[in-house]
Amino acid sequence: MSRGWRMLQFVNDIPLKFKFLIIYLMCVLLPILCINSLFYMQDSKNTERREMDNLRISLDRVGNAMMQMVNEGVVIGNALSADRVFNEMLEYKYTDNVAYYEEYDSYLRDKLGQYPNIYPYISWIGVYTSNPTLSNGGSYFMLKPEDLKSEWYQKMSDKKDKVTVTSYLDVNPMNPEEKMVYVSIIRKMDTFPDLMQYSNYLRIDIRMDKLLELFDKERNYLLIKLVDEDNRLVLESAGAFKGKEALLPTLPVSKDSQLMSLPAKSFVIPLSNASYVHNWRLVGIPEGSRIAEERKGIIRFFTWLTLISTIIPTMLIYIIMHSFNFRVRKLSKHMQLVKNERFEPITMYEGKDEIGHLLRSFNLMTEKIRNLINDVYKLELQKKDLELERVQAELNYLQSQVDPHFLFNTLNAIFVVCKKYRYEHVTEIIQNLSQILRRLLSWKEDLVSVEEEASFTDMYLQIEKFRFQDRFHYELSIDPSLLPYRIPKMSIQSLVENSCKHGLQSVKGNRKIRISVERTGRNMLIRVEDNGIGMDSRKLNAIVKSLYTGEDNGKNIGLRNVYRRLNLFYAERSLFHIESIPFEKTSVTIQIPLNLIRKQEETS
């Protein structure tokens, strides 16, 4: 006996509770020891990586908030540049200061003055123009020689873009003796070429204290620096943007335009991909020691992880034991039912393990036993029932042969008597009736040619002609090329019978019915029209609804049968239309594609 077989026997001899104890020790204690070792090995690396990701998110958050300010300023500039009335006032040559101040008070003053109140991050918004008729003041200034030499004007004139964001040093308007760092959005007012007599520039200054607030919100995490397109330090956390410390120092860069002299773990991200902030960057330098705090949180997490690592396997083992015990007891209960000749299947999810396979095998066994009992004990009863049904069918068949035979003999006797006494009209009607009955009994196929259907309908109309005498006229118009085509039998006759029964019977005057079968394009068009009492729209809608919904109300059986057979044979590609005018006419039209209809010679 091999060692593997002996080991298997040894495992089979171990009590079940000890097997689950081994599973508990191997699945709980040993994994916990492994987790402890791996956790402390990866602790520092994972903590640092996660913290760096959080710092990068903080830097992105500052960049998004700053770009929101810039983008809103750009939108304001675009709106003002697209305002033709505003641009016309900037281009207008005012005769004197009085004329200008009248326009200023009525329109220009509030046009720009509203924005700093609406957008708190805008410190000032104004227009610089070369129009000499405008007076300096408020938000409108004429370009002076010192303005033409200013840094913002030089950058705007050097660029082809209509919008640019620039930083520069200029005089603090609150204290002319000190300098102040500015971040401005400059917009060329050139939307309307026909008005461009002068150069107009819109300048929107962003409040530096608002930018500093954004930086200070992340101060516990990062020291943030804002660098412009010329690699100058515009603003940094807790830095000064005015006074003696207001500077725009240029940071050193490498040959590939990378910022140098930054800490190793610093982040440098572009402010945006927009052209007007090209090469503007945010630099984030980690500030403070957060890794130690993260370690404390990880220790707390490890404590909970230890508890969870112990509780979950315990619950898992309990669930496995319960699943095993429940299914075995269920199997034992149904096996007891088998002893009492009750072959009930086990209705539950068996599972895909060995116990589940055993339950499925039990269900298959009970099903086969039950089928075998049905085959053996009920076979004779089924044979007797089939024999009785066969005998009953033969009797019904014989009866169906006797009834028409008796009817034909009676009609033949009446026909001989009428012939003898020369009742020619009655003779013709009896002959047509006999032919109709024989045709109904001899029609074995569901499809007949248009010629056969027309002949059958003509015999029926002759009977109706005899019934109404001179007060009834009919017209049968059929395209000869359509005679071989096969259509559902009694499709025309049923419509004619419906017209005679419901449309013409209540008419006292001259009764007329017209049947036509014609070709329209690639379709066969069948129309049955009478001059009967017709129907109002309410009754007509009720009939059409019963046809479409298949509702069987015991009425309009002929119409419903024709409609259903058309849908059956032509897969709902045929059209069935009813039109009626009260006390004037009723028309039923059937349209069938010719490519769906076979000719008589094609089926023979």
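A search for C-beta distances below 7 Å between a residue of region 138-160 that is more than 12 Å from residue 201 (Cα to Cα) and any residue that is of a type in the set (D, E, K, R), counting only pairs 6+ apart in sequence or on different chains, returns 138/109.
Here is the figure for region 572-581: residues that are farther than 15 Å from residue 523 by Cβ and hydrophobic (A, V, I, L, M, F, W, C) total 2.
Of the residues making up region 527-547, those that are over 21 Å from residue 493 (Cα atoms), of a type outside the set (Gly, Ala, Ser) and either in a helix (DSSP H, G or I) or open to solvent by 80 Å² or more (accessible area, probe 1.4 Å) (or both) number 4. Among the residues of region 150-163, is there at least one that is within 21 Å of residue 179 (Cα to Cα) and among the polar types (S, T, N, Q)? Among the residues of region 150-163, at least one is within 21 Å of residue 179 (Cα to Cα) and among the polar types (S, T, N, Q), which makes the answer yes. Against the test of being within 46 Å of the chain's Cα centre (by Cα) and open to solvent by 10 Å² or more (accessible area, probe 1.4 Å), the options 182, 221, 128, 153 yield a single qualifying residue, 221.
Scanning region 530-547 turns up no residue that is in contact (Cβ under 8 Å) with a residue 24 or more places away in the chain and closer than 22 Å to residue 448 by Cα. Among the residues of region 319-357, the one identified as open to solvent by less than 100 Å² (accessible area, probe 1.4 Å), within 19 Å of residue 20 (Cα to Cα) and of a type in the set (Asp, Glu) is 353. For region 161-177, the candidate set comprises residues that are surrounded by fewer than 17 Cβ atoms within 10 Å (Cβ to Cβ) and closer than 16 Å to residue 201 by Cβ; within that set, the residue that is farthest from the chain's Cα centre (by Cα) is 170. What about residue 20, is it aromatic (Phe, Trp, Tyr), surrounded by 13 or more Cβ atoms within 10 Å (Cβ to Cβ), touching a residue at least 12 places away in the same chain (Cβ under 8 Å) and farther than 30 Å from residue 143 by Cβ? Yes; evaluated as a whole, the condition is true for this residue. Determine which single condition residue 209 fails, assuming it passes every other condition in (1) crowded, with 21+ Cβ neighbours inside 10 Å; (2) more than 45 Å from the chain's Cα centre (by Cα); (3) of a type outside the set (A, V, I, L, M); (4) over 17 Å from residue 79 (Cβ atoms). The single condition residue 209 does not satisfy is (1). Checking 75, 62, 98 one by one, the residue that is assigned to a helix (DSSP H, G or I), of a type in the set (A, V, I, L, M), open to solvent by 40 Å² or more (accessible area, probe 1.4 Å) and over 22 Å from residue 186 (Cβ atoms) is 98 and no other.
Checking the structure you have, find out if any residue of region 446-454 is touching an Asp or Glu at 6+ places or on another chain (Cβ under 7 Å), in contact (Cβ under 8 Å) with a residue 40 or more places away in the chain and farther than 19 Å from residue 519 by Cβ. The answer is no, given that none of the residues of region 446-454 is touching an Asp or Glu at 6+ places or on another chain (Cβ under 7 Å), in contact (Cβ under 8 Å) with a residue 40 or more places away in the chain and farther than 19 Å from residue 519 by Cβ.
Is one or more of the residues making up region 46-57 over 25 Å from residue 235 (Cβ atoms), of a type in the set (S, T, N, Q), surrounded by fewer than 18 Cβ atoms within 10 Å (Cβ to Cβ) and at pLDDT below 85? So far as region 46-57 goes, yes, one or more of its residues are over 25 Å from residue 235 (Cβ atoms), of a type in the set (S, T, N, Q), surrounded by fewer than 18 Cβ atoms within 10 Å (Cβ to Cβ) and at pLDDT below 85. The number of residues in region 572-604 that are modelled with pLDDT under 80 and either in a helix (DSSP H, G or I) or of a type in the set (Ser, Thr, Tyr) (or both) comes to 5. The condition of being closer than 25 Å to residue 194 by Cβ, surrounded by fewer than 16 Cβ atoms within 10 Å (Cβ to Cβ), among the acidic types (Asp, Glu) and out of contact with any Lys or Arg (no Cβ under 8 Å at 6 or more places or on another chain) does not hold for residue 146. Could you tell me whether residue 33 is in a helix (DSSP H, G or I) and surrounded by fewer than 14 Cβ atoms within 10 Å (Cβ to Cβ)? Yes.
The values are calculated or read from the model by the stated rules, or taken from the named source; none is laboratory data. Remember, it's a predicted structure, so these values are computed and weren't measured experimentally. Glycine also receives a Cβ, built like all others from the backbone with ideal geometry; neighbour counts cover every protein chain displayed. Quick note on the areas: whole protein, heavy atoms, side chains included, nothing else; ligands and nucleic acids left out. Shrake-Rupley method; radii C 1.70, N 1.55, O 1.52, S 1.80 Å.
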